[in-house]
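Trainee: There's a structure below that I have some questions on.
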Amino acid sequence: LRTEAQPAELVAHLEATDYLTGVPNRRSGEQLLDHEMRRALRYQAPLAVFALDLDRFAELNERFGTACGDLALRTLADITRGLLRGSDMLVRSGGDLFHVIAPHTNAAECLAMAEKIRAAVAGAEFPGCDHVTVSIGVAQLLPQESGDQLMLRANAALARAKRDGRNL
């Protein structure tokens with residue numbers, strides 16, 4: 001038996017979802033992170049996030065076109081979703097920047113998860129595109145830290161990976 005979504009539910013879903021990749025968008029991701037931070041603090045459980053983006057994405061778009069760039073973003077989202085646990089959440093934060101929220105995960109565990117994703121992307125076929133890689137930065141929630149501070153640290157780690165040669 002199939003039921004149709006109510007218009008308000010459909011609008012809410014569209015507002016919370018990235019149209020290209022089908023994952024939660026930045027606004028939805030901020031709400032998810034806030035919820036998971038409250039749970040982590042309440043239960044004194046670890047929470048980690050990682051930031052990832054495609055290396056040289058602008059060059060990819062310029063060289064092969066935006067259709068290839070869109071395919072690369074969708075493929076990255078599919079690969080990442082396929083390697084995450086059911087409790088992890090992938091969010092498209094904007095452009096080619098994604099974040100993964102990993103509840104009950106410390107920095108070392110998150111780094112291992114991120115490395116699996118990095119290796120899978122490096123070994124994947126991106127039809128019509130050149131070889132595609134990602135860089136990733138990991139951060140674990142510290143006591144008394146805000147969501148913005150946590151994301152800034154993950155993004156700073158991502159920037160260091162880019163400076164250190166990419167595909168890291």
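Trainee: Shape call for region 11-73 from the C-alpha gyration tensor, a ≥ b ≥ c root eigenvalues: rounded (a/c under 1.5), prolate (a/b greater than b/c) or oblate?
Mentor: Numbers: a/c = 4.90, a/b = 1.89, b/c = 2.59.
Oblate.
Trainee: Keeping all protein chains in place, calculate the accessible area per residue for the chain (probe 1.4 angstrom), answer in Å².
Mentor: Ligands and nucleic acids excluded, the figure is 56 Å² per residue.
Trainee: A follow-up question, please. Counting other Cβ atoms within 10 Å, which GluC sites (Glu not before Pro) in region 61-168 have at most 10 and lie in a DSSP loop? Mind showing how you got there, number by number?
Mentor: Details: sites: 62, 109, 115, 125, 145; in loops: 125, 145.
The qualifying sites are 125.
Trainee: If you don't mind, another one. Which of the listed residues, 72, 24, 147, is farthest toward the dipole's positive end in the chain, when Lys, Arg count +1 and Asp, Glu count -1 at the beta-carbon?
Mentor: The listed residue farthest towards the positive side: 147.
Trainee: Next up: Among 101, 79, 136, whose mean-square fluctuation peaks in a Gaussian network model of the chain (Cα, cutoff 10 Å)?
Mentor: Maximum fluctuation in the GNM of the chain, among the listed residues, is at 79.
Trainee: Of all chymotrypsin sites (Phe, Trp or Tyr not before Pro) in region 35-79, which ones are in loop regions per DSSP and have a Cβ with at most 13 other Cβ atoms within 10 Å?
Mentor: On the way: sites: 43, 50, 57, 64; in loops: none.
Passing both the DSSP loop test and the Cβ count: no residue.
Trainee: Further, regarding this structure: Once each part is reduced to its C-alpha centroid, what is the distance from region 89-127 to region 128-158 in angstrom?
Mentor: Here the two parts' Cα centres lie 9 Å apart.
Trainee: Please compute the length gained on full extension between residue 64 and residue 163, using 0.36 nm multiplied by the number of residues separating them and subtracting their Cα-Cα distance.
Mentor: Details: separation 99, 0.36 × 99 = 35.64 nm, distance 2.41 nm.
Gain in length upon complete extension: 33.2 nm.
Trainee: Can you give the FRET efficiency for residue 144 and residue 38, using 1/(1 + (r/R0)^6), R0 = 22 Å, r = Cβ-Cβ distance, to the nearest 0.05? The partial results should precede the final answer.
Mentor: Working: r = 14 Å, r/R0 = 0.62.
Computed FRET efficiency for residue 144 and residue 38 comes out at 0.95.
Trainee: For the chain, which longest stretch is free of loop sites, where a loop site is one of the trypsin sites (Lys or Arg not before Pro) that DSSP puts outside H, G, I, E and B and that has at most 14 other Cβ atoms within 10 Å?
Mentor: Details: sites that count: 2, 85, 166.
It runs 3-84.
Trainee: Carbon-plus-sulfur fraction of the accessible area of region 33-76, 1.4 Å probe, in percent?
Mentor: Numbers: 1100 of 2310 Å².
It is 48 percent, rounded to a whole number.
Trainee: What number comes out for the charge environment of residue 152, summing +1 per Lys or Arg and -1 per Asp or Glu over other residues with Cβ under 14 Å away? Mind showing how you got there, number by number?
Mentor: Details: positive: 153, 160; negative: 30, 145, 148.
Every neighbour counted, the sum reads -1.
Trainee: Also, quick follow-up: If you take the square roots of the eigenvalues of the alpha-carbon gyration tensor of the chain and sort them as a ≥ b ≥ c, do you get rounded (a/c under 1.5), prolate (a/b over b/c) or oblate? Walk me through the numbers before you get to the answer.
Mentor: Values: a/c = 1.88, a/b = 1.10, b/c = 1.70.
Oblate.
Trainee: Here's a follow-up. How much of the DSSP bridge set in the chain is antiparallel, in percent, rounded to the nearest 5? Provide the component values of the computation, followed by the final result.
Mentor: Details: 20 of 21 bridges.
Counting DSSP beta bridges with both partners in the chain, the antiparallel share is about 95 percent.
The values are calculated or read from the model by the stated rules, or taken from the named source; none is laboratory data. Only a predicted model underlies this, so the values are computations on that prediction, with no experimental measurement involved. Every residue, glycine among them, receives a Cβ derived from its backbone with ideal geometry; neighbour counts consider all protein chains shown. Only protein heavy atoms, including side chains, enter the accessible area calculation; ligands, DNA and RNA are left aside. Shrake-Rupley method; radii C 1.70, N 1.55, O 1.52, S 1.80 Å.
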